[in-house]
1. Whether any residue in region 174-182 is in contact (Cβ under 8 Å) with a residue 60 or more places away in the chain and of a type in the set (Val, Ile, Thr) is what I want to check.
2. List the number of the failed condition for Gly153; all other conditions in (1) at pLDDT 95 or above; (2) out of contact with any strand residue (DSSP E or B) (no Cβ under 7 Å at 6 or more places or on another chain) hold.
3. Tell me which of these Phe113 doesn't satisfy, since it passes every other one: (1) under 26 Å from Met265 (Cα atoms); (2) in contact (Cβ under 8 Å) with a residue 40 or more places away in the chain; (3) of a type outside the set (Asp, Glu).
4. Specify which of the listed residues (Ala115, Ala143, Ala183, Ala149) is closer than 27 Å to Asn250 by Cα and either in contact with a Lys or Arg (Cβ under 8 Å, 6 or more places away or on another chain) or of a type in the set (Val, Ile, Thr) (or both).
5. May I ask you to list the residues in region 177-190 that are closer than 18 Å to Leu147 by Cβ and exposed (fewer than 14 other Cβ atoms within 10 Å of the Cβ)?
6. Is it the case that some residue within region 90-100 is part of a strand (DSSP E or B) and within 18 Å of the chain's Cα centre (by Cα)?
7. I need a count of the residues in region 201-235 that are in contact with a Phe, Trp or Tyr (Cβ under 9 Å, 6 or more places away or on another chain) and touching a residue at least 12 places away in the same chain (Cβ under 8 Å).
8. Please enumerate the residues belonging to region 181-197 that are assigned to a loop (DSSP other than H, G, I, E, B) and out of contact with any helix residue (DSSP H, G or I) (no Cβ under 6 Å at 6 or more places or on another chain).
Amino acid sequence: MTRILVTASLLLASLLTIVIADIPPATNGFSLIWGDDFAGPANSAVDSEKWQHDIGGGYPGGAPNWGTGEIQQATNNIANSFQDGNGNLKIVPIRDDHGTWTSARLESIRDDFRAPPGGVLAVEAKMQLPDVSGPAAAGYWPAIWMLGAPYRGNLHNWPSVGEFDIMENVNGLNCVWGTLHSAASPGSNQDREFGSKLLDISPSLQSAPHTYRFELDDAAKEMRWYVDGKQYFSVSSSQLSAQTWTDVTNHGYFIILDVAIGGNMPAGAGGGPTMATQSGIPLTVDYVAVYQKKP
């Protein structure tokens with residue numbers, strides 16, 4: 001009996017190791033505080049204790065088309081978002097026979113992700129962007145980003161609550177954008193945008209997975225953006241007023257994963273969607289992880 005119990009315990013330990021294996025262990029003084037490696041069965045929904053689905057074309061009582069002009073309807077249908085049984089989440093934009101686009105927009109239930117005083121918050125995701133380019137990619141807009149928790153239940157305090165765009169990509173371009181949105185001045189409802197991009201990544205964003213990371217460093221008063229461990233952008237507190245920096249860092253954030261179709265960012269890169277835009281090309285998410293480092 002003892003031998004059977006030991007064997008069963010080893011098997012269980014092995015299975016647990018497989019489940020969490022896709023999330024890299026914390027290094028350099030960080031601790032993993034939250035994550036999802038999407039290890040559910042094939043064609044299963046995401047973990048409802050970790051994620052919630054946005055539904056429709058905007059928040060109830062908020063701006064239409066999610067405030068950005070995108071045209072898809074967000075759903076909780078398995079066709080638009082599902083775990084594939086191989087440790088991945090698929091978010092799939094689909095155009096029906098009438099030309100209507102649907103997709104998925106997932107938010108983390110938790111909205112308390114923030115840097116500890118004097119420490120660092122890091123949010124990381126490994127993803128392969130929709131494998132489509134040229135005219136067939138017109139209008140595609142995959143992203144992982146964060147909104148300040150006070151936005152929940154208000155909807156009219158953006159951009160003062162802050163937005164961290166960890167990775168945005170449009171129209172199948174081999175280019176990643178990272179952006180901070182904040183108020184132009186304390187109390188203003190005008191957006192002040194700090195952003196940069198990284199071009200010509202090899203292998204391309206659409207042909208292979210890459211790791212995207214954002215860090216908010218409270219000690220250094222700095223935000224940093226990375227692709228595959230390479231920092232390509234930063235914003236320091238000296239670039240904002242002291243009050244604006246406080247306004248975007250003194251509360252928690254939640255994470256959003258989505259593939260939008262159309263809207264102002266694809267429009268700025270050539271437009272779309274068009275009838276040439278290909279339906280059904282997924283964003284593949286291997287894992288999302290949140291780390292903290294305390295002083």
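The values are calculated or read from the model by the stated rules, or taken from the named source; none is laboratory data. The structure displayed is predicted, hence computed values, not measured ones. Heads up, the Cβs are rebuilt from the backbone with ideal geometry, glycines too, and the neighbour counts pull from every protein chain shown.
1. Looking for residues that are in contact (Cβ under 8 Å) with a residue 60 or more places away in the chain and of a type in the set (Val, Ile, Thr), one finds none in region 174-182, hence no.
2. Answer for Gly153: the failing condition is (1).
3. (1)
4. Values: Ala115 fails: either in contact with a Lys or Arg (Cβ under 8 Å, 6 or more places away or on another chain) or of a type in the set (Val, Ile, Thr) (or both); Ala143 fails: either in contact with a Lys or Arg (Cβ under 8 Å, 6 or more places away or on another chain) or of a type in the set (Val, Ile, Thr) (or both); Ala149 fails: either in contact with a Lys or Arg (Cβ under 8 Å, 6 or more places away or on another chain) or of a type in the set (Val, Ile, Thr) (or both).
Within the list Ala115, Ala143, Ala183, Ala149, the selection yields Ala183.
5. Ser188, Asn189, Gln190
6. First pass over region 90-100, keeping only residues part of a strand (DSSP E or B): 90-91, 94-95.
From what is left, the residues that are within 18 Å of the chain's Cα centre (by Cα) are 90-91.
Yes, region 90-100 has at least one match.
7. Filtering region 201-235 for residues in contact with a Phe, Trp or Tyr (Cβ under 9 Å, 6 or more places away or on another chain) gives 211-216, 221, 223-228, 231-235.
In the following step, the residues that additionally are touching a residue at least 12 places away in the same chain (Cβ under 8 Å) were identified as 211-216, 221, 223, 225-228, 232-235.
Residues meeting the conditions: 16.
8. Filtering region 181-197 down to residues assigned to a loop (DSSP other than H, G, I, E, B) leaves 184-190.
Hits for region 181-197 are Ala184, Ser185, Gly187, Ser188, Asn189, Gln190.
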